[in-house]
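Worksheet for the structure shown next.
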């Protein structure tokens with residue numbers, strides 16, 4: 001039996017468990033909750049909050065009453081104790097790894113615990129499940145006869161005096177990859193471990209063009225940097241000419257819609273498939289389980305217990321949380337998680353929209369800190385990504401990055417929005433085209449957001465969007481200038497402050 005058939009057979013066996021999880025969501029979460037509470041009762045955090053070994057059974061209601069919802073800043077002192085080498089702080093035993101989050105370019109870094117349990121039942125299990133879901137839909141796909149091009153962030157891990165290792169989650173994952181994954185990954189670990197991102201891109205591209213790449217995995221913006229370099233080196237017009245067996249791109253980290261047109265230009269093959277993941281340093285939350293849908297199935301047996309805060313209650317003190325049975329399709333919620341990495345009732349910071357209850361599926365629509373709302377327009381990231389993608393397609397242009405911020409009149413009152421948009425090719429976009437793009441973008445924003453539509457009525461409150469077009473490489477220049485060039489750094493899409501966009505326009509003037 002070929003290696004491809006062996007791996008496909010093993011992977012697809014997992015579908016029995018996946019189907020059970022999706023058909024019995026409440027039971028799946030109950031099992032996770034009991035396991036987590038058993039771990040919590042053996043920690044100092046649990047004991048301080050009244051959950052110790054003496055309690056034989058703990059109900060969800062009791063758990064919520066004893067354990068408060070925490071932000072990172074509130075739980076940070078406990079994480080610091082773990083970093084200092086203390087055992088049994090947030091999870092039984094000593095934590096050896098801490099993921100340094102990069103988030104958006106404007107956020108400060110956070111250090112989040114990563115345990116062996118969270119790697120095994122979360123990140124690795126999630127990756128295996130994605131392949132199982134794909135193979136279940138494409139049983140004839142031959143993924144394992146070739147290589148998987150995986151692009152992560154910095155591979156550097158720094159050691160503390162206690163022996164704990166701190167670095168990007170991707171570096172922690174690579175250090176602990178199962179052998180069956182490591183043998184199929186490309187480029188080599190030597191190249192992956194390079195710290196100089198520009199050198200790494202060059203070597204990575206030259207190395208992987210020699211491989212039979214069948215899977216791509218990584219954040220879209222940085223995957224495009226590497227694949228464009230591959231096309232530049234080879235002189236090929238599409239990736240199909242370089243990797244004729246390419247079949248799957250696993251993406252996440254940012255919305256895919258703004259990049260779809262560029263990937264369609266780069267990959268012509270009808271055999272290519274795209275699957276989205278919701279995988280963060282805090283855990284592996286969801287996977288696009290159907291190639292025919294654009295939402296993701298919530299992973300309910302991966303070491304994470306979920307709670308949900310209705311979007312309108314997020315600003316209240318000690319808000320009540322909902323469980324799965326109380327959710328409504330179409331509504332938006334803040335995500336609260338408890339995990340086997342030792343994050344207890346932790347407010348992630350993402351806003352999700354429930355799209356289905358049979359099975360439970362979601363979309364990530366933004367972050368609590370990333371939205372645009374100066375006059376009640378309440379623009380969320382997913383709405384903007386959809387609108388700007390459609391507008392770009394109408395004008396046949398490819399967008400690489402963008403950010404949006406409020407625009408103010410000289411007297412300080414808000415009059416509209418400024419957008420700094422980086423294109424892959426600016427050479428033939430004149431002032432008339434920029435105006436047409438702004439008009440098309442405005443029309444699409446009105447379609448996806450009725451509040452924005454109302455505020456744009458007759459230009460009384462908000463004026464037409466103002467577009468600054470930046471040349472290809474503009475945001476990379478800013479990232480390099482600020483020592484943030486790398487695969488995990490992301491540009492903030494929306495902000496109610498002008499701090500970031502003003503710096504971008506100052507450092508990279510519009511030409």
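Every number here is computed from the coordinates shown, using simple stated rules; none is lab data. Here the structure is a predicted model, which is why all the values come from computation and not from measurement. Here the Cβ positions follow ideal geometry from the backbone for every residue, glycine too, while neighbour counts run over all protein chains shown.
How much FRET efficiency would the formula 1/(1 + (r/R0)^6) give for residue 70 and residue 482, where r is the Cβ-Cβ distance and R0 is 41 Å, rounded to 0.05? Present the calculation step by step, with values, prior to reporting the outcome.
Details: r = 29 Å, r/R0 = 0.72.
Computed FRET efficiency for residue 70 and residue 482: 0.90.
For residue 13 and residue 471 in one chain, what is 0.36 nm times their gap in residues minus the Cα-Cα distance, to one decimal in nm?
Working: separation 458, 0.36 × 458 = 164.88 nm, distance 4.79 nm.
Result for the pair: 160.1 nm of gain on full extension.
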Measure off 7 Å from each Cα along the Cα-to-Cβ vector at residue 44 and residue 499, then give the distance between these two points in nanometres to one decimal. 3.3 nm
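Can you tell me the equivalent ellipsoid semi-axes for the chain? Use √(5λ) from the Cα gyration tensor, largest first, whole Å. Mind showing how you got there, number by number?
Details: eigenvalues 251, 180, 102 Å².
The three semi-axes for the chain are 35, 30, 23 Å.
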Among the range 44-87, those whose backbone N falls under 13 Å of a label point 7 Å along Cα→Cβ from residue 160 are 76-87
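Suppose we keep just the DSSP beta bridges with both residues in the range 371-507; what percent of those would be antiparallel, to 5? Could you put the intermediate results ahead of the total?
On the way: 11 of 17 bridges.
Around 65 percent antiparallel, to the nearest 5.
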Using the basic label-point model (7 angstrom from Cα toward the beta carbon), what is the residue 94 to residue 314 distance in nanometres? 3.9 nm
Inter-part distance where the range 435-455 and the range 106-145 are each reduced to a Cα centre, Å: 37 Å
Could you work out the helix-only [θ] at 222 nm for the chain, with each DSSP H run of four or more residues adding -39,500 (n - 2.57) and the total divided by the number of residues, to the nearest 500 deg cm²/dmol? -11000 deg cm²/dmol
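So how do 36, 131 line up by other beta-carbon neighbours within 10 Å, fewest first? Spell out each step's value before the answer.
Working: 36 22, 131 25.
Fewest-to-most Cβ neighbours within 10 Å comes out as 36, 131.
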Could you tell me the distance between the Cα centroids of the range 226-275 and the range 281-350, to the nearest Å? 31 Å
Each label sits 7 Å from Cα toward the beta-carbon; between residue 61 and residue 446 the label points are separated, in nm, by 5.1 nm
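Rg/Rh for the range 371-507: what does it come to with C-alpha atoms and Rh from Kirkwood?
Numbers: Rg = 14.6 Å, Rh = 15.3 Å.
Result: Rg/Rh = 0.95.
What does DSSP give for the chain in terms of the percent of beta bridges that are antiparallel, rounded to the nearest 5?
On the way: 47 of 72 bridges.
Expressed as a percentage, antiparallel bridges in the chain total about 65.
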